[in-house]
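Okay, so here's the structure we're looking at.
The values are calculated or read from the model by the stated rules, or taken from the named source; none is laboratory data. Please read all numbers here as calculations on a predicted model, not as lab measurements. Reconstructed Cβ throughout: ideal geometry from the backbone, glycine too, with neighbour counts over all protein chains shown. Each accessible area value is taken on the protein alone, full model and side chains, heavy atoms only, with ligands, DNA and RNA left out. Shrake-Rupley method; radii C 1.70, N 1.55, O 1.52, S 1.80 Å.
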Amino acid sequence: MKPVGISRDFIDDNGREVWGDIGLGGLDSAGIAWEYLDQDVDLLRPSDIEGRPAILFGAPGVTAATFENVSHPPLVLARFGVGFDAVELEACTRAGTAVTITPDGARRPVATAALGLLLGALMNFAAKDRIVRENRWADRYDWMGRGLTGSTVGLIGLGNTGAEFARLLAPFDVSILAHDPYCLPEAAAEVGAVLVTKDELATRSDSVVVMAALTPETHHLIDTDFLRKMKASASLVNVSRGGLVDELALVDALKSGSIRAAALDVFEEEPLGPHSRLPEFDNVLLTPHSVSWTNEMSLGNGRSAVQAIVDALCGRAPKFVVNKAVLEGQRWRNHLAVRE
């Protein structure tokens, strides 16, 4: 059997670990051999996965083509991160391959990054940075910020990261609203949030922070109608996936002044296309889908993904399996039974 494969986006052309320590020593400690895949690819290929017990991957996508003519697919594909919109889960399940994510590693770093972006939007960091760089100090009086304390913050999504973000807001004495059809009222109450409809969240919030997964149902969840319902003094923050926000509608809202500011780490097209209007606005703070990238996040995500692989290869069901139905399939039932 081949070693566990690590997607090559974790190293540069010189073999330098671009994320720093991602906890691969956990595989060594468990006696599990591993190696980097031979090429940096956008989509995992059949040759990348054939005969490997597991793959730890970051950037590459996974589709049905990944499994074409593969006779011995991995037992687990361990995603470094929480997003899995580039993974065709049905294809993985048909192959008997579990897909795992790392919410325990990303939860605090992403929540902290969201708080940083929210404060940056409220305090006009983008405009003030530009004022200093262009030596326009007299213009600083035009960019008075807004305080977070005592305001109402609306969360689109109250999963692991959203709940952690709500906890971080506690010292600011804010009111927290949340829209999440999968969250129970008692779970929301535990973090000081009240569940409301999407429309009520839009109309009542002083700031809206998007922390939901991108699915067909959530695509363009923040659209023209939602933005028109927001307060003219409100700010929008997105740290999830660009597709949750209709960027053309957002540009229109910023141009018309129907919202005050935005802070975005994710975009519908990445890198930003040449025709994007977003960089033109002084009241828009932009970061390149990396605002949460810290040593804390890279090590936390890596350790979580490694643990998923170790658990799987040692006969235990990994903790954060996205396609849970695969565990009821014959391949996994046999695998777990043999090691009982």
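Values as computed for the structure displayed
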{"item": "Of all residues making up segment 8-38, the number that are free of Cβ contacts under 8 Å to residues at least 60 places away in the same chain and assigned to a loop (DSSP other than H, G, I, E, B)", "result": "10"}
{"item": "Subset of segment 308-323 (residues that are open to solvent by 40 Å² or more (accessible area, probe 1.4 Å) and over 12 Å from residue 101 (Cβ atoms))", "result": "313, 314, 316, 317"}
{"item": "Verdict on residue 249 being over 27 Å from residue 59 (Cβ atoms) and of a type in the set (A, V, I, L, M, F, W, C)", "result": "yes"}
{"item": "Residue 296 open to solvent by 30 Å² or more (accessible area, probe 1.4 Å), assigned to a loop (DSSP other than H, G, I, E, B) and touching a helix residue (DSSP H, G or I) at 6+ places or on another chain (Cβ under 7 Å)", "result": "no"}
{"item": "Qualifying helices (runs of 4 or more DSSP H) (wholly inside segment 168-253; at least 2 residues being in contact with a helix residue (DSSP H, G or I) (Cβ under 6 Å, 6 or more places away or on another chain))", "result": "198-204, 224-229"}
{"item": "Residue within segment 3-11 that is modelled with pLDDT under 95 and not β-branched (Val, Ile, Thr) present", "result": "no"}
{"item": "Residue satisfying condition, being at pLDDT 95 or above, farther than 27 Å from residue 149 by Cβ, among the polar types (S, T, N, Q) and open to solvent by 10 Å² or more (accessible area, probe 1.4 Å), within set 276, 233, 240", "result": "276"}
{"item": "Count of residues meeting criterion [closer than 14 Å to residue 309 by Cβ and open to solvent by less than 40 Å² (accessible area, probe 1.4 Å)] in segment 26-38", "result": "3"}
{"item": "Search result, residues across segment 127-137 that are in contact with an Asp or Glu (Cβ under 6 Å, 6 or more places away or on another chain) and closer than 21 Å to residue 259 by Cβ", "result": "127"}
{"item": "Neighbours by Cβ (under 8 Å, 6+ apart or cross-chain): first from segment 251-274, under 19 Å from residue 229 (Cβ atoms); second in a strand (DSSP E or B) and of a type in the set (Ser, Thr, Tyr)", "result": "259/235; 260/235; 261/235; 262/235"}
{"item": "Neighbours by Cβ (under 6 Å, 6+ apart or cross-chain): first from segment 166-186, more than 13 Å from residue 154 (Cα to Cα); second open to solvent by 30 Å² or more (accessible area, probe 1.4 Å) and outside any loop (DSSP other than H, G, I, E, B)", "result": "185/195"}
{"item": "Test: residue in segment 104-120 that is under 27 Å from residue 192 (Cβ atoms) and polar (S, T, N, Q)", "result": "yes"}
{"item": "Top-ranked residue of segment 147-196 - restricted to ones that are under 14 Å from residue 118 (Cβ atoms), among the β-branched types (Val, Ile, Thr) and within 23 Å of the chain's Cα centre (by Cα), ranked as surrounded by the fewest Cβ atoms within 10 Å (Cβ to Cβ)", "result": "176"}
